[in-house]
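A short write-up of the structure that comes next.
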Amino acid sequence: MWENNYTNTILNVMIDYNGNDVKRINHTLKVYAFAQNIGKEENCDARTQTIIEYAAILHDIGLRKAEEIYSSGILKYHEEIAPKVAKELIGGMAIDSEIKERVYFLIGNHHSYKKIDGLDFQILVESDLIVNMYEDDYSPEAITAAKKQIFKTKTGKNLLDSMYLKKENEQRIISDLP
C-alpha cells in the first residue's frame, strides 16, 4: 500500500516558505483541499493521490521568487521558477524520484491547459480554477465556459454547479418570480 507520509511536512515547508503571506498560504490550502477531495471522489489510486496532493501544495511556490526576480508573478515566470523552488524545498526528502519529477512537471505547467496529460494534472487544474473563480470573481459566463472547455472530472463539474452555477440559476429563478 502506498503511503502519503510527506504531506504534512510539505504543507509546513510551504507555509514557512511563504512566511507572512497569509493570502497565498490560504489560497494554497484551499486548492489542496479541493484537490484532495476531487482525487478521492474520482477514486484515484494512492500514488496518483499523493502526486495530486504534493502538486496542489506546491503549485504556486514559484510566485514569490518570480516577484523577487522579475517584479512580476505572471504565469510565464511563475511556471518557469516553480519547479526550481520546489526542488530546493523537497529535493532532499526521501520521496520517490518519479513522484518528484511528476510534481515538478505539474507545478511548472498548471496554467498550460493544452498540456494536460493525466488525471493528476486535470485535478490540479480544476482545483486551482475552482479557487481562482471565487478569489478573482469570475463571471457566471466565464465559469460556464471553463466548465465546458476545461473541466473533465464529474466531481469538478459537480463542484462548479453546486458552488457557482446552481446558485446563479436559483437567483435568476427567484428574480423572475412575481
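The values are calculated or read from the model by the stated rules, or taken from the named source; none is laboratory data. Model, not experiment: these values are computed from the prediction. For neighbour counting, all protein chains shown are included, and Cβ atoms are generated from backbone atoms with ideal geometry for every residue, glycine included.
Report whether or not Leu58 is touching a Ser or Thr at 6+ places or on another chain (Cβ under 9 Å) and either under 19 Å from Tyr134 (Cβ atoms) or at pLDDT below 95 (or both).
no
When only residues in segment 54-87 that are in a helix (DSSP H, G or I) and touching a residue at least 60 places away in the same chain (Cβ under 8 Å) count, which is surrounded by the fewest Cβ atoms within 10 Å (Cβ to Cβ)? If you could, list the steps in order and put the result at the bottom.
Taking segment 54-87 as the starting set, the residues that turn out to be in a helix (DSSP H, G or I) are 54-58, 63-70, 75-87.
From what is left, the residues that are touching a residue at least 60 places away in the same chain (Cβ under 8 Å) are 55-56, 85.
Working: Ala55: 30, Ala56: 32, Val85: 20.
Step by step, filter segment 54-87, then rank; the result is Val85.
Given Val13, Val31, which one is in contact with a Ser or Thr (Cβ under 6 Å, 6 or more places away or on another chain), at pLDDT 95 or above and either surrounded by 19 or more Cβ atoms within 10 Å (Cβ to Cβ) or part of a helix (DSSP H, G or I) (or both)?
Val31
Is it the case that segment 111-122 has a residue that's surrounded by 15 or more Cβ atoms within 10 Å (Cβ to Cβ), modelled with pLDDT of 95 or more, in contact with a helix residue (DSSP H, G or I) (Cβ under 7 Å, 6 or more places away or on another chain) and among the aliphatic types (A, V, I, L, M)?
Yes, segment 111-122 contains at least one residue that is surrounded by 15 or more Cβ atoms within 10 Å (Cβ to Cβ), modelled with pLDDT of 95 or more, in contact with a helix residue (DSSP H, G or I) (Cβ under 7 Å, 6 or more places away or on another chain) and among the aliphatic types (A, V, I, L, M).
Given the criteria crowded, with 19+ Cβ neighbours inside 10 Å, in contact (Cβ under 8 Å) with a residue 40 or more places away in the chain and either under 23 Å from Tyr134 (Cβ atoms) or under 16 Å from the mean Cα position of the chain (by Cα) (or both), does Ile90 qualify?
Taking the combined requirement at face value, the residue does not satisfy it.
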